[in-house]
1. Spot the failing condition for Pro171; the list is (1) more than 21 Å from Phe25 (Cα to Cα); (2) in the same structural domain as Asn34 (by TED's automatic domain parsing), and only one is missed.
2. Conditions: (1) surrounded by fewer than 16 Cβ atoms within 10 Å (Cβ to Cβ); (2) not in a loop (DSSP other than H, G, I, E, B). Leu44 meets all but one. Number of the miss?
3. Name the residues in segment 21-60 that are in contact (Cβ under 8 Å) with a residue 24 or more places away in the chain and of a type in the set (A, V, I, L, M), would you?
4. Taking only pairs six or more apart or across chains, which ones have beta-carbon atoms under 7 Å, a first residue in segment 140-152 that is within 25 Å of Leu87 (Cβ to Cβ), and a second residue that is charged (D, E, K, R) and exposed (fewer than 13 other Cβ atoms within 10 Å of the Cβ)?
5. I'd like to verify a number: residues in segment 1-37 that are assigned to a helix (DSSP H, G or I) and not aromatic (Phe, Trp, Tyr), how many?
6. Looking only at segment 172-185, decide whether some residue is surrounded by 10 or more Cβ atoms within 10 Å (Cβ to Cβ) and over 28 Å from Asn132 (Cβ atoms).
7. Please state which of the following conditions Thr108 fails to meet, knowing it meets all the rest: (1) farther than 30 Å from Trp159 by Cα; (2) out of contact with any Gly (no Cβ under 7 Å at 6 or more places or on another chain).
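The values are calculated or read from the model by the stated rules, or taken from the named source; none is laboratory data. If you're wondering where the values come from, they're calculated on a predicted model, not measured in any experiment. Virtual Cβ from ideal backbone geometry, glycine too; neighbours counted across all protein chains shown.
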Amino acid sequence: MVIQSVEELRALYQKVSGRAKDKVFPALDKHSKNFIHHSPFLVLSTVGSNGKLDASPRGGEAGFVKILSDNELLIADSKGNNRLDSLSNIVETGEIGMLLMIPGVDETLRINGTATISTKPELLSQFSEEQNPPRTCIVVKTEQVFLHCAKAFMRSKLWNEEAKIDRSEFPTMGEMLNDQLNIEGNSETQREMVERYKKDL
């Protein structure tokens, strides 16, 4: 059976109540600000005018997401692959979602809202000390801010040492791309890739 309505879906689950229902806020409080201050990584979700979704990783030193006010955040568009998938989507629809993580912490912080792309010097200047200062930054206005429970990370054991694999047992990015793109010849080694990436951080 394929679920075809929200009513059919809801009938399979208990009604949301208590803290799960009440924990969503429109603005940042002291705990969400503290979470952002300690977070070095997030997943950025956007949607284009064609309805196609995209999720992209963003990272930096803990606190790389700047807090401008209780309702506004700032993220540098650090040097990447120049596909501009997320930025293009933001220009088209202005919709954004974020999932922030802290290594060792199983809870996450979810933020949904709207975003714009800015080149204002006073905003970009906040990232002037970076190795490769950004050309643009993302200004996020919060609409929903809430902490997400630890169950997914507990199930995955993401931060546990025993959950890690030996990187040498997994194909390198170069090997995978060569296979996917039918490129013949030697692929870039993991060490070569890391050294090349270090110049673009």
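1. (2)
2. Every listed condition holds for Leu44 apart from (1).
3. Scanning segment 21-60 gives Val24, Ala27, Leu28, Ile36, Leu42, Val43, Leu44, Val47.
4. Going by the 7 Å Cβ cut-off, there are no qualifying pairs.
5. The qualifying residues number 17.
6. Within segment 172-185, one or more residues are surrounded by 10 or more Cβ atoms within 10 Å (Cβ to Cβ) and over 28 Å from Asn132 (Cβ atoms).
7. Condition not satisfied by Thr108: (1).
Listed here are the residues, each with its yes/no results for (1) in a helix (DSSP H, G or I); (2) at pLDDT below 95; (3) within 14 Å of the chain's Cα centre (by Cα).
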position: Ile96; (1), (2), (3): no, no, yes
position: Val105; (1), (2), (3): no, no, no
position: Gly113; (1), (2), (3): no, no, yes
position: Glu122; (1), (2), (3): yes, no, no
position: Glu129; (1), (2), (3): no, yes, no
position: Pro133; (1), (2), (3): no, yes, no
position: Gln144; (1), (2), (3): no, no, no
